[in-house]
Amino acid sequence: MHKQGTFGLVVRLDCHDDHAVAALDRLLNETAARIAESEPGTLAWVPHRIEDAPQSRLIYEMYEDAEAFETHRALPHNRRFETERAPHLRARTCWRLSS
């Protein structure tokens with residue numbers, strides 16, 4: 001159970017093709033490592049494969065609070081991820097979670 005004030009996101013990223021998935025996977029791995037090293041307010045940022053959708057990825061994100069989320073969004077490695085993922089995607093769906 002998360003403490004009061006935490007919130008999260010579930011983000012589905014659908015890629016154009018297998019080459020796009022490979023590029024996205026590299027970006028996901030690089031970004032996840034940077035987040036783990038430098039974002040104490042990010043409680044979880046975990047990319048997942050979707051069994052029946054091989055060209056899609058799901059990211060589970062959980063933040064300590066809204067301030068931690070805003071800090072996360074402003075960091076250079078996350079801005080890079082958002083910019084560099086765009087050409088590989090045919091769709092992006094995001095759901096906000098709250099405790």
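Just so you know, all these numbers are worked out from the coordinates, no wet-lab data involved. Everything quoted here is computed from the prediction, not taken from an experiment. Using ideal geometry, Cβ is built from the backbone for each residue, glycine included, and neighbour counts are taken over all protein chains shown.
Results, tabulated for the structure shown:
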{"item": "Extension gain from E37 to R96, taking 0.36 nm per residue of separation minus the Cα-Cα distance", "result": "18.8 nm"}
{"item": "Relative contact order, percent, region 7-92 [alpha-carbon distance under 8 Å, six or more residues apart]", "result": "44 percent"}
{"item": "Net +/- balance of residues flanking A66 in space, Cβ distance below 12 Å, scoring K and R +1, D and E -1", "result": "-2"}
{"item": "In degrees, nearest ten, helix 18-38 long axis to first principal axis of the chain (Cα)", "result": "20 degrees"}
{"item": "5 angstrom amide H check on F7, placed H, neighbours 5+ away", "result": "Y63, D65"}
{"item": "Residue-averaged 222 nm ellipticity for the chain, from DSSP H runs of 4+ at -39500 (n - 2.57), nearest 500", "result": "-13000 deg cm²/dmol"}
